[in-house]
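Participant: Here it is, the structure, as structure tokens.
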Amino acid sequence: MNQGLLDSYTCYNGVEIPKLGLGVFLMKDESELIDAIKSAVEFGYRHFDTAKIYENEEYVARGLKESGLSREEVFLTSKVWNYDQGYEETKRAFQESLDKLETDYLDLYLIHWPAEKFIDTWRAMIELYEAGKIKVIGVSNFQIHHLEELKNAGLVQPMVNQIETHPEFPQNELHDYMKENGIIHEAWGPLGQGKSDLLNHSILAKIGQKYFKTPAQVVLRWHLERGEVIIPKSIHRNRIKENSELFDFSLTQEDMNEIALLNTETRYGGDPDNQERLRATSIKPTK
Ligand code: NAD
């Protein structure tokens, strides 16, 4: 058992969140996803990140059941999608996610994107938290101005913000703001989503050689050195294992400074301030 996989950060409400989890975005093939979860559990993963919009919550439930873990051993995250935002809608969507995940609580529930009704969504999430149905409440893709909006509305602040982060887009300003405000930084797309040439960068190979680690492992360790939660995705057993072997080395300040040179401020995913995209994804499709 890789003990590092039990390492956690403590949210400001005292709940622990494992530093490493398995992301399952785009995993829509049931048996592939179940196999990935079973491999991950075998290697020691106890944290899984899904979302209603990934359309795989049922498969996650099946994978976890087949892995033989008890509910208490697992840290499970889901997210409320844009067209489910609003007070009543969020409560309904939350219950639907619970049903699909075959559980009666979530460890972490996130507002997926700062769509128009996010304040009402947040009020519903606070109530669900107070009722003990969510252990940790957070947001995703929130910029500083969105976080300030919640603060100015006099509402409790999120415990976690899950945002696109990788060496080419380290989000330094938002990272520092979250640190100052006690909000845990969770990195999505921690490896650049396979959309960039990041992992072929010679700096990463050079650093990796010193520690007998791959460029992917160097990047994931870079996130950990910055105090971020990471949820790399892979369906491949060897990569799921590789992405967990991060706790037997550390990067020096010099390594961190070299990796900082890879920052090109390049976002590969959606822009949280793209109102047109937020509006379009807030319309519920008719079946
Ligand atoms: P990622 O950065 O984890 O990249 C995944 C891709 O990297 C894989 O498809 C594979 O091509 C490659 N890869 C994985 N391990 C590798 C290795 N060891 N060596 C080389 N290549 C490797 O991107 P992601 O899946 O988009 O992000 C991780 C998770 O974050 C998602 O699965 C999802 O759970 C979450 N996410 C959240 C949001 C959000 O808006 N909140 C958006 C996207 C993703």
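Participant: Residues of region 59-85 with backbone nitrogen within less than 18 Å of a virtual label 7 Å along the Cα-to-Cβ line of K284, please, listed as ranges.
Facilitator: So the set is 79-85.
Participant: Which of the pairs K135/K195; K179/K284; K91/K287 have their Cα atoms more than 24 Å apart in this structure?
Facilitator: Working: K135/K195 33 Å; K179/K284 35 Å; K91/K287 21 Å.
Too far apart for the 24 Å limit: K135/K195; K179/K284.
Participant: Tell me the mean residue ellipticity at 222 nm calculated for the chain from its helices only (DSSP H runs of n ≥ 4, each -39500 (n - 2.57), averaged over every residue, nearest 500). Mind showing how you got there, number by number?
Facilitator: Numbers: 11 runs with 113 residues, N = 287.
Result for the chain: -11500 deg cm²/dmol, rounded to the nearest 500.
Participant: Further question: Excluding ligands, DNA and RNA, what is the solvent-accessible area per residue of region 3-280 at a probe of 1.4 Å, expressed in Å²? All intermediate terms of the calculation are to be shown ahead of the outcome.
Facilitator: Numbers: 11860 Å² over 278 residues.
With all protein chains present, region 3-280 gives 43 Å² per residue.
Participant: Using only protein heavy atoms and a 1.4 Å probe, report how much of K52 is accessible, in Å² to the nearest 10.
Facilitator: Answer for K52: close to 40 Å² accessible.
Participant: Still on this structure, please answer the following. So how much accessible area does R71 have, in Å² to the nearest 10, using a 1.4 Å probe?
Facilitator: The accessible area of R71 comes to roughly 50 Å².
Participant: Could I ask something else about it? Please report the relative contact order for region 3-280, taking Cα pairs under 8 Å with a sequence separation of at least 6, and give it as a percent rounded to a whole number.
Facilitator: Details: 487 pairs, mean separation 53.2, N = 278.
Contact order relative to length: 19 percent.
Participant: Using alpha carbons only, how many angstrom separate the centre of region 24-65 from the centre of region 72-108?
Facilitator: 16 Å
Participant: Could you give the dipole magnitude of the chain about its Cα centre, charging the beta-carbon of Lys and Arg +1 and that of Asp and Glu -1, in debye to the nearest 20?
Facilitator: Details: 33 positive and 47 negative charges, 78 e Å.
Dipole of the chain, to the nearest 20 debye: 380 debye.
Participant: Leaving out ligands, DNA and RNA, what percent of the accessible area of region 87-173 is carbon and sulfur, probe 1.4 Å?
Facilitator: Values: 1500 of 3330 Å².
Here it works out to 45 percent.
Participant: Measuring from label point to label point, each 7 Å out along Cα→Cβ, what is the D104 to E88 span in nm?
Facilitator: 2.6 nm
Participant: Something else now. Under 1.5 on a/c is rounded, so check that first for region 3-280, then, if it is not, pick prolate when a/b is larger than b/c and oblate when it is not; a ≥ b ≥ c are the square roots of the alpha carbon gyration tensor eigenvalues. Display every interim value, and only then the final one.
Facilitator: Details: a/c = 1.70, a/b = 1.23, b/c = 1.38.
The shape class here is oblate.
Participant: Another question, if that's okay. Starting at the first residue of region 121-133, write each ³J(HN,Hα) from the Karplus equation 6.51 cos²θ - 1.76 cosθ + 1.60 with θ = phi - 60°, in whole Hz, x for Gly and Pro.
Facilitator: Each residue's phi maps through the Karplus curve to give 4, 5, 4, 5, 5, 4, 5, 5, 5, 5, 7, x, 8 Hz.
Participant: While we're looking at this one, here's another question. Give the residue from H146, P170, G194 lying farthest towards the positive end of the charge dipole for region 3-280; charges sit on Cβ (+1 for Lys and Arg, -1 for Asp and Glu) and the dipole is referred to the Cα centre.
Facilitator: Value computed over the given set: G194.
Participant: Whose amide H sits under 5 Å from the amide H of W188, counting only residues 5 or more places off or on another chain, with H placed in the peptide plane?
Facilitator: So W188 has HN proximity to I163, E164, T165.
Participant: Along region 69-76, what does the Karplus equation 6.51 cos²θ - 1.76 cosθ + 1.60 (θ = phi - 60°) give for ³J(HN,Hα), rounded to whole Hz, x for Gly and Pro?
Facilitator: Values, residue by residue: 6, 7, 4, 5, 7, 10, 9, 10 Hz.
Participant: Right, here's the next one. Kirkwood-based Rg over Rh for region 72-155 (C-alpha set), two decimals? Before the final figure, lay out each step's value.
Facilitator: Details: Rg = 12.2 Å, Rh = 12.8 Å.
Rg/Rh: 0.95.
Participant: As a test of reading the structure, rank R237, R267 by solvent-accessible area (1.4 Å probe, protein chains only), most first. Write out the running numbers ahead of the final one.
Facilitator: Values: R237 110, R267 65 Å².
Result of the area sort, largest leading: R237, R267.
Participant: Also, I was wondering about something else. Length gain on complete extension for the stretch E96 to S202, per 0.36 nm per residue less the alpha carbon to alpha carbon distance? Mind dumping the intermediate values first?
Facilitator: On the way: separation 106, 0.36 × 106 = 38.16 nm, distance 4.57 nm.
Once the chain is fully extended between E96 and S202, it gains 33.6 nm.
Participant: I'd like the Karplus ³J(HN,Hα) series for region 85-92: coefficients 6.51, -1.76, 1.60, θ = phi - 60°, whole numbers in Hz, and an x wherever there's a Gly or Pro.
Facilitator: Working through the residues one at a time gives 6, x, 4, 5, 4, 5, 5, 5 Hz.
Participant: Hey, can you grab everything whose amide H is under 5 Å from the amide H of D107? Only 5+ residues off in sequence or another chain; H modelled, so Pro and N-termini drop out.
Facilitator: Amide H to amide H, under 5 Å and 5 or more residues apart or across chains, D107 pairs with L76, K135.
Participant: Could you check what % of the DSSP bridge pairs in the chain are antiparallel, to the nearest 5? The partial results should precede the final answer.
Facilitator: Details: 4 of 29 bridges.
Antiparallel bridges: around 15 percent, rounded to the nearest 5.
Participant: Considering amide H positions built from the backbone, and no H for Pro or chain starts, which residues 5 or more places from L22, or on another chain, come under 5 Å of its amide H?
Facilitator: Long-range HN contacts for L22: H47, F48, D49.
The values are calculated or read from the model by the stated rules, or taken from the named source; none is laboratory data. Being a predicted model, the structure only gives us computed values, none of them experimental. Cβ sites come from the backbone with ideal geometry, for glycine too, and all protein chains shown count toward neighbours. SASA here: full protein model, heavy atoms, side chains in, ligands and nucleic acids out. Shrake-Rupley method; radii C 1.70, N 1.55, O 1.52, S 1.80 Å.
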